[in-house]
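Each remark here refers to the structure printed beneath this line.
No lab work stands behind these numbers, since they all come straight from the coordinates. Predicted model, so just to flag it, every value in this text is computed and none were measured. FYI the Cβ positions are ideal-geometry reconstructions off the backbone, even for glycines, and counts take in every protein chain you see.
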Amino acid sequence: MTRQIRREPTFTHVRNTRLASRPGVTAPLIGATKISHIDEAVASLELSLDEAEIDHLEAPYLPHRVLGHD
C-alpha cells in the first residue's frame, strides 16, 4: 500500500480512498456529524491505493440484482 500519511491508515481512510477511485464518483457522502469525521475524510486524500490493492478489496463483492426497480 502506497502511503504518504505518517500513521497507519484507518478503515475510513481506505474506504474513502477506494470510493474516490471509482469512475463516476465525484462527491462521496461522508456522513460527517463531527469535526473529527471531516478530519478523517481529509486525511484520506493523502492515501493512494494501487490497482492490485483495489482489486483485493473488491474481490469478495458479489453483484446482486437491485430489488424494487422493475
Checklist line | Mean separation of Cα contacts under 8 Å (6+ apart) over length of the chain, as relative contact order % | finding: 44 percent
Check: Which of the listed residues, P9, G31, L45, is farthest toward the dipole's positive end in the chain, when Lys, Arg count +1 and Asp, Glu count -1 at the beta-carbon?
Finding: G31
Notebook entry, point to check: Order of 37-47, 53-63, 17-27 by packing, highest average Cβ count within 10 Å first?
Noted result: 37-47, 17-27, 53-63
Margin query: Tell me the label only: which of [x] 10.7, 32; [y] 14.1, 48; [z] 15.4, 55 is Rg and Dmax of the Cα atoms in Å as calculated from this structure?
Written below: [y]
Next item on the list: First select every other residue whose beta carbon is under 10 angstrom from the beta carbon of R18; then total the charges, Lys and Arg +1, Asp and Glu -1.
Entry: 0
